[in-house]
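So that we are looking at the same thing, I have put the structure below in C-alpha cells.
The values are calculated or read from the model by the stated rules, or taken from the named source; none is laboratory data. Source: prediction; values computed, not measured. Because the Cβ atoms are built from the backbone with ideal geometry, glycine has one as well, and the counts that use them run over all protein chains shown.
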Amino acid sequence: MKTKTLFKRVILMSAMLLLNIIHAQTTINGSVVDEKTNQPLPGVNILVKGTYTGVSADFDGNFSITTDEEFPITLELSYLGFGTKTVEVTSADAALNISLAPGSDALDEIVISASRTPERIFESPVPVEKYSLKKIEASTTADFFNGLGNLRSVNITEAGLVFNQVSIRGFSDVYMEGLVTLVDGMNNQAPVFGFAFGNMIGLHQLDVQSIELLPGASSALYGADAYKGTMFINSKNPFDHEGISVMYRTGVTEQDVAGSNSFTDIGVRLAKKLSDKWAIKATIAHKEGTDWVPGDYRHYNADRSINTNANYKTQFSNYDGVNTEGEYTFTTNT
C-alpha cells in the first residue's frame, strides 16, 4: 500500500513539474518591415531583453522566438542602418507586426566616390574606406585629417600642425601628387603647385560630414592625375544641419628644442535654411600652436666657413644660416 502511494506521489509531482515547464515556454511570432517602404527586412536581430535568447529574421522578415520569461516580455530589435527599437509583448496570441525606421547611422553606408552615384558601401564595385561623422567626432587627434591614419591601407605624412598628407599603399610623399582631393566634388589642388595642401586649405572639422578614400588608381572616373587614388571630403548639408555649432579644443605640443607649448583650435559654424531650395552656411576657425623651433643656428662666414656661435643670429643682422629650414643639417658645395 505504501509503495502504491509513493508511486502516485512521484507521478503527480512529475506531472506538475512537466506542466510548469510547458507553461514557462513562450513562443512569440512576428515579422519586421521597413517603416518607409513596407518591405521585409531579412536578418534583423531580435533579442529578449535581459537574456541571451535571440534570433534573426528570415528572408521574408519573419521570426519566431521562444523564451522562459514571463509576460510582459521586452524584445529589442536592431538592424544595420536602422534605429534600435524596443517592443513590449503582453500576449503571444497574435503575431507581431513591427516596423523599423532608418537610423542616424544609415548615411554611413552610402558612398558616392566609387561610381559617382550614391550606393551602399557593401555594393561598391571597388574598395572604399569611409571615415564617418561618428568617427570624426570620436577622434582624439589634433585634426580630423590625422584620424585618417586609422583607416586600412592609409598612413599620414606629417609636415606640421596644419600640413598633413594622406599616404596610401606605400607611396610616401609630403606633396602626394597623384592623389586627387575633391571637396564636395571640386578639386582642391593648388593650381601652381600641382598637389592638394591636405588640411592646410579646406574644410574645418565642424563642417565635415564624411571622408571617402579610394586607394589605388581611379583615373577612369577622376582623370589622369588620380593614379594613386582619390579622396572625397563631403561637407555638411545646411538643409540637414542647421543652427550654430561651436568647437573648442586645447592641448600641448612637444618638441626637444621648443619644449611644451599650448595648442588651441576654435571653430564656429553657422547654417540656415532659407527655403526649400536656398540655404546658407559659413565657418570661422582659428588654430594656434607652436609647430617647431629651429635648433641649428650655425652661420656662414664671408669666406663660407661655418661659424658655430649659437648666439650669432640674435647679435648680428647679417646672419646667414647653414640650415634655414629647421633642425636637419645639410651640406652645400661651393
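Could you tell me whether region 111-127 includes any residue that is modelled with pLDDT of 65 or more and polar (S, T, N, Q)?
Looking for residues that are modelled with pLDDT of 65 or more and polar (S, T, N, Q), one finds none in region 111-127, hence no.
From (1) out of contact with any Pro (no Cβ under 8 Å at 6 or more places or on another chain); (2) among the hydrophobic types (A, V, I, L, M, F, W, C); (3) at pLDDT 75 or above, pick out the condition that doesn't hold for Ala279.
It fails just one condition, (1).
Counting only residues that are touching a residue at least 60 places away in the same chain (Cβ under 8 Å), outside the structural domain of Val180 (by TED's automatic domain parsing) and farther than 22 Å from Asn150 by Cα, give me the strands (runs of 3 or more DSSP E) lying completely in region 193-311 with at least 1 of them. So that I can check it myself, show each step before the final result.
Values: elements: 208-215, 229-235, 243-255, 259-273, 279-289.
Answer list for region 193-311: 259-273, 279-289.
Could I ask something else about it? Tell me which residues, restricted to region 137-156, are outside any loop (DSSP other than H, G, I, E, B) and over 11 Å from the mean Cα position of the chain (by Cα).
Asn146, Gly149, Val154, Asn155, Ile156
Another one. If we keep just the residues of region 312-334 that are outside any loop (DSSP other than H, G, I, E, B) and surrounded by 12 or more Cβ atoms within 10 Å (Cβ to Cβ), which is modelled with the highest pLDDT?
Gly321
Can you work out which of the residues in region 269-304 that are in contact with a helix residue (DSSP H, G or I) (Cβ under 9 Å, 6 or more places away or on another chain) and small (Gly, Ala, Ser) is surrounded by the most Cβ atoms within 10 Å (Cβ to Cβ)?
The extreme case among them is Ala271.
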